[in-house]
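Asks: Pasting a structure here, questions to come.
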Amino acid sequence: MRTFREDFLWGGATAANQYEGAWDADGKGPSVSDMCTNGSHTVPKRITPEFEEGTLYPSREATDFYHHYEEDIALAAEMGFKVFRMSINWSRIFPTGMETEPNEAGLAFYDKVFDELNKHKIEPLVTISHYEIPYALVDKYNGWYAREVIDCFVRYCEAIFERYQNKVKYWLTFNEINSGTMPMGAVLSLGTVKGYSGPLNKVPDEKQIRFQALHHQFVASAKVVKLAHEKYPQFKMGNMDLFATSYPNTCNPDDVLLNQQSMRNMNWFVGDVQVRGYYPSYSERFFEENDIVIKKEAGDDELLKEGKVDFYTFSYYMSVCQSADPEVNAKAGGNLIGGVSNPYLKASDWGWQIDPKGLRYTLNEIYDRYQIPLMVVENGLGAYDKLEEDGSIHDAYRIDYLRQHIEQMEEAVKDGVDLMGYTPWGWIDVVSASTGEMAKRYGFVYVDKYDDGTGDLSRKKKDSFFWYKKVIESNGKDLA
Ligand code: BGP
């Protein structure tokens, strides 16, 4: 029976905006994330076009990878990482996104990071854009709504591809590109919030703007995938989707149909464009019914066909149910992605429903549809950790969560899925994307940093650190 490949890429995932800090060091410009305040499970984060004195902007320091990269990479190496998912901060390379020449100090920083990874024989997996659009592009162009941003992005990619061509093989164009199909994606993913000041969940929703901006991201992604294939044949180019699996709440055909629609709009739509190379037929009706008219330029459709990704990656944290019954929906509690909760599942402290078998189901569904290699590039449990007096952190709940998901990944491999690797989210504690908190921790490594901005940034190994090391050593066999 099949099991994890010999060269399975075990590792962990991070993103510059939540990890790197040093938000204005060595010529870096502010990104959209640097303009976001902290929040909590109950209080939404805000974006402010001007910095407010006395307000905490957690991405500014984050957990300071910028000054800890050697120590952190050594910790990753100690666990036996084969791959290290990270992102490049666009505004470190092009501070406003509009310069014609890249910032040498920014480029030099990632040289050091990649060299350090290479020293430990760890393969970088680089997300090119992970919620880090330079804020100047938001201010000038309303983010991805403007077609001009495509050229800015291509210039950025040309610079990093050329510079790191011998250091990086695996690239992902946009993190969770389907965020743009949801109102919440307007801020971090699309940057279509020119002049907006206020909570992230109250941004006025304009579908026309969101889907036009998303089209520009599709074109930008296809352009750089095509460029990579032509000029750097050693590169492997991937997409990245936020896969929010949903089930019909009941076997009522109304629920089943609604769920089909929701799976298409939420999960399949972006993958269909980036893997198959064209807008799926069902999108026409959706656009029509929602008064969305996508402005395409001549050549866009050809580009989408020419810029298909080589492998499919996604984040997976939870599942939800879809109900067509307004009464059921009225009673439903909050969740990041809406939907109704599943009585067979338990939820995390942040209300995300834990569904390991859903991961097996999802891997099978994606592989059946696309038949290209897959990688789970985010998964994990955001939880409150307790730092004991002796410096230990006993996170058995996190080990349980990950163990169950790895078991189900192996089942999917047995089912025939071609799975390349696994990088659980926030392998070292980072700032939460949805709430800006530090209290929502995912890591195998604890970082001494707190919601009020205090902490000495020291690193401590949690119990899960030693557990994951064994998992990697045994290529996923020893999950005890
Ligand atoms: C994904 C993002 C990550 C990450 C993760 C966990 O949506 O790609 O950036 O943070 O979710 O989410 P959170 O930090 O909100 O718990």
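Asks: Specify the inter-centroid distance of the stretch 340-371 and the stretch 214-256, based on alpha-carbon positions, in whole Å.
Replies: 18
Asks: While we're looking at this one, here's another question. When ligands, DNA and RNA are left out and all protein chains stay put, how many square angstrom of accessible area per residue does the stretch 164-298 have with a 1.4 Å probe?
Replies: Values: 5590 Å² over 135 residues.
Averaged over the residues of the stretch 164-298, the accessible area is 41 Å².
Asks: Could you look at the chain and say what percent of its accessible area is carbon and sulfur, using a 1.4 Å probe and all protein chains?
Replies: Details: 9160 of 18580 Å².
That fraction is 49 percent.
Asks: Figure the gain on full extension for Tyr384 and Tyr278 (residue separation times 0.36 nm, minus the Cα-Cα span) and round it to one decimal in nm.
Replies: That works out to 33.9 nm of additional length.
Asks: Label points 7 Å out from Cα along the Cβ direction at Lys167 and His120: separation in nm?
Replies: Between Lys167 and His120, the simple spin-label model gives 1.6 nm.
Asks: List the relative contact order of the chain as a percent without decimals, with contacts defined as Cα pairs under 8 Å and 6+ residues apart. Walk me through the intermediate numbers first.
Replies: On the way: 1008 pairs, mean separation 85.8, N = 480.
Relative contact order for the chain comes out at 18 percent.
Asks: If you don't mind, another one. Residue by residue through the stretch 111-120, which ³J(HN,Hα) values in whole Hz follow from phi under the Karplus form 6.51 cos²θ - 1.76 cosθ + 1.60 (θ = phi - 60°), with glycine and proline marked x?
Replies: The phi angles translate into 4, 5, 5, 5, 5, 5, 4, 4, 4, 9 Hz.
Asks: If you don't mind, there's one more thing I want to ask. By what distance, in whole Å, do the Cα atoms of the stretch 9-473 stretch along each of the three principal axes, largest value first?
Replies: Sorted largest first, the three principal extents are 56, 52, 47 Å.
The values are calculated or read from the model by the stated rules, or taken from the named source; none is laboratory data. Small disclaimer: the values here were computed from a predicted structure and weren't measured. Here the Cβ is made from the backbone with ideal geometry for all residues, glycine too, and neighbour counts use every protein chain on show. Ligands, DNA and RNA are excluded from the accessible area calculation, which covers all protein heavy atoms including side chains. Shrake-Rupley method; radii C 1.70, N 1.55, O 1.52, S 1.80 Å.
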